[in-house]
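Some notes on the structure that comes next.
The values are calculated or read from the model by the stated rules, or taken from the named source; none is laboratory data. Everything numeric in this text was worked out from a predicted model, so none of it was measured. Reconstructed Cβ throughout: ideal geometry from the backbone, glycine too, with neighbour counts over all protein chains shown. Quick note on the areas: whole protein, heavy atoms, side chains included, nothing else; ligands and nucleic acids left out. Shrake-Rupley method; radii C 1.70, N 1.55, O 1.52, S 1.80 Å.
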Amino acid sequence: MSTTNIGPKGPAGQVGEAVVDYVEDRTGAKTGLTWFLKRNIPAETSWFQTLGFAAMAVFGLQAVTGIFLAMYYKPDPSRAYQSIEHITNDVTWGWLVRGMHKWGASAMIVLVFLHMARVFIFGSYKYPRELTWVTGAMLLIMTMFMGLTGYLLVWDEKAYWATVVAMNITASAPILGPYVADILRAGSEFNGDTLSRFYSIHMLAIPGGIATFIGLHLFLVAKLGISEPPHSHRLARVRREEEAARRAAARDRQPHGRRQVTPETSPQTISAEGGS
Amino acid sequence: MNKAQQEAYLREYSQAKKEGKSFFPYAIYKDHIVAILAFGWIIGMAIWHKVEIGKPVYAATTDFVPRPEWYFFFLFELLKIFKGQNALMPVIMATFIVPNVLMVLLLLTPFIDRGPERRISRRPIALATAVVVFASLAWLTHKGATSEAPTGEGPAIQNLTPEAEAGYVLFQDNACLSCHKLGGSGGVLGPDLSNEGSKAHGVQWHIDHLKNPQAVSPGSAMPAYAGFTDEEYQNLGTFLDGLGTKWKAG
């Protein structure tokens, strides 16, 4: 992107350029990245418009800490509790990684809700970004399900009984409720397979869904552009100018605007029209 | 928004982009500052509020309190509101209707509000909706966070037979009070048991219900208590079947 030519490139620079050209030729990666990163956005973006990125970053943190927890966690009712104790008390920095995963979950929920509030207040879900909102709403729902399925994995009393009650509530819903509960519980009652099923949903099914929808969401954000804050100085100026133009046009429409003012027109009409 | 308004918006937005600046680095640096602050908060909380681990599931006593994570408190409190045993406010409102209606409304928001105005100061209905939704979420979450888990000994009960006395001990040891009320104290997730005996279910019904609540009371949220001995079931069933009739919680 730099246009300054400072002479022939050294061997390393030549190799680097050749690699970039090779990849670009076969994937278009450079074009894609340039499209994504060097796109123009409105000048006056607000600090509130950083919350979506922060939520995504925390999702990444959850993925990383989750990978480390999965290295030690045993999704088996007879060993799950002990493996959590092991992570908390024995594994080097295990307490920290577990704590970050737990607090990260809370942070992600808060950030997702705040991000939604920002989009709502800014009216950013309106044309042409309706479907960006829908993908975001799906992400919010999936984030809540992450919380629900992750809570059980600790397999302590509180988590266990809260999830039993939550599953019983699910089963009490009409029509599909009992089937959904049976699917989640791996049977009509809480059993040994329930834990590994929640584990699988928590670390494979929903993260896959979240990653997919983040991809869609990001693509739409990049394609449609981040919305301009509705109270930006630029928009205020545009509105002022439009208003001035409208008034000027209204003045022009008056019969005496450009024409010679004839003696019959009373001065009251001018002041009444012009002063409105 | 009609066609002309949509085109006007796109025109205006492309002008804003033309007068704007590059996403990289001018927006992404702000994003990273906020993300790093979030990471710092998470690491700080992980260090200074170490995550505890509760008791294991299969301990001898199950004095549990079924409480979800804080971000589900609003649903949990909603359940308590609709637990009034009132035909106008059935439990299904809290467990099914309200959450699903909210979810559908959330997904359909952009198709409901299609007006061209984006300034919140000129969207009174949207502003009112946002305030009501967030205030209710905050209030219900706060309520859930501050509501004391109903524990304690439970009320004194007169005229208990030895069998029922043993049943009452089991009732207290298994934290039944965290969901059920007895003589004014206890939780509200399950039905008030103060006059359970007046329903005249019979002892065997209570035993079946304890073993598998959903089998005799479809749609119940109560967990199964499958770990008692036959004698303990008999004691607890006898105790429950006489509540409010043979013996009263005082």
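What aspartates and glutamates does B:K248 reach when the alpha-carbon gap must be under 20 Å and sequence neighbours fewer than 8 apart in one chain are set aside? Candidates past the 8-residue exclusion: B:E153, B:E163, B:E165, B:D173, B:D192, B:E196. Local charge for B:T109 was computed over the other residues whose Cβ lies under 13 Å away, with Lys and Arg +1 and Asp and Glu -1, and equals +2. Only Cα sites of the stretch A:22-66 enter the Debye sum here, all with the same form factor; the resulting log10 I(q)/I(0) across q = 0.31 1/Å is -0.98, listed in q order.
Computed over protein heavy atoms with a 1.4 Å probe, the accessible surface of the protein assembly as shown works out to 54 Å² per residue.
Interface of A with B. Using a 1.4 Å probe and counting protein heavy atoms only, the two chains hide about 8000 Å² of accessible surface, both sides summed. Taking one quarter of the surface of the C-alpha convex hull of the stretch A:46-224 gives a mean projected area of 11.5 nm². Rounded to the nearest 500, the 222 nm mean residue ellipticity of chain B from helices alone is -15500 deg cm²/dmol, with -39,500 (n - 2.57) taken per DSSP H run of at least 4 residues.
Say the cut-off is 27 Å between C-alpha atoms; which of A:K74/B:K83; A:K9/A:K38; A:K30/A:K126; B:K55/B:K143; A:K74/B:K50 go over it? Before the final figure, lay out each step's value.
On the way: A:K74/B:K83 37 Å; A:K9/A:K38 25 Å; A:K30/A:K126 31 Å; B:K55/B:K143 25 Å; A:K74/B:K50 21 Å.
Violating the 27 Å Cα-Cα cut-off are A:K74/B:K83; A:K30/A:K126.
Just so you know, the Cα atoms of the stretch B:64-144 work out to an Rg and Dmax of 15.4, 52 Å.
In terms of its C-alpha gyration tensor, the protein assembly as shown has an oblate overall shape, because the principal axis ratio a/c (a ≥ b ≥ c, square roots of the eigenvalues) is not below 1.5 and a/b does not outweigh b/c. For A:D156, nonlocal amide neighbours, meaning residues 5 or more places apart or on other chains whose placed amide H falls under 5 Å from its own, do not occur. If you bin the C-alpha pair distances of the stretch B:162-241 every 5 Å from 0, what whole percents do you get? Calculated P(r), rounded to whole percents: 3, 16, 25, 33, 19, 4, 0. Within the shell of other residues whose beta carbon sits under 11 angstrom from the beta carbon of B:H201, the net charge comes to -2, with Lys and Arg scored +1 and Asp and Glu -1. Taking amide H as placed 1.01 Å from N in the peptide plane, B:S22 has its amide H under 5 Å from the amide H of A:I41, each at least 5 places away in sequence or on another chain. Entry note, chain A: relative contact order of 20 percent, from Cα contacts under 8 Å with a spacing of 6+ residues.
For chain B, what is the Kirkwood hydrodynamic radius in Å, using each pair of distinct C-alpha atoms? Please list the in-between numbers first.
Numbers: mean 1/r = 0.0433 Å⁻¹.
When all Cα pairs of chain B are included, the Kirkwood radius is 23.1 Å.
The ellipsoid that matches the Cα gyration tensor of the stretch B:11-52 has semi-axes, each √(5λ) in whole angstrom, of 38, 10, 5, with the longest given first.
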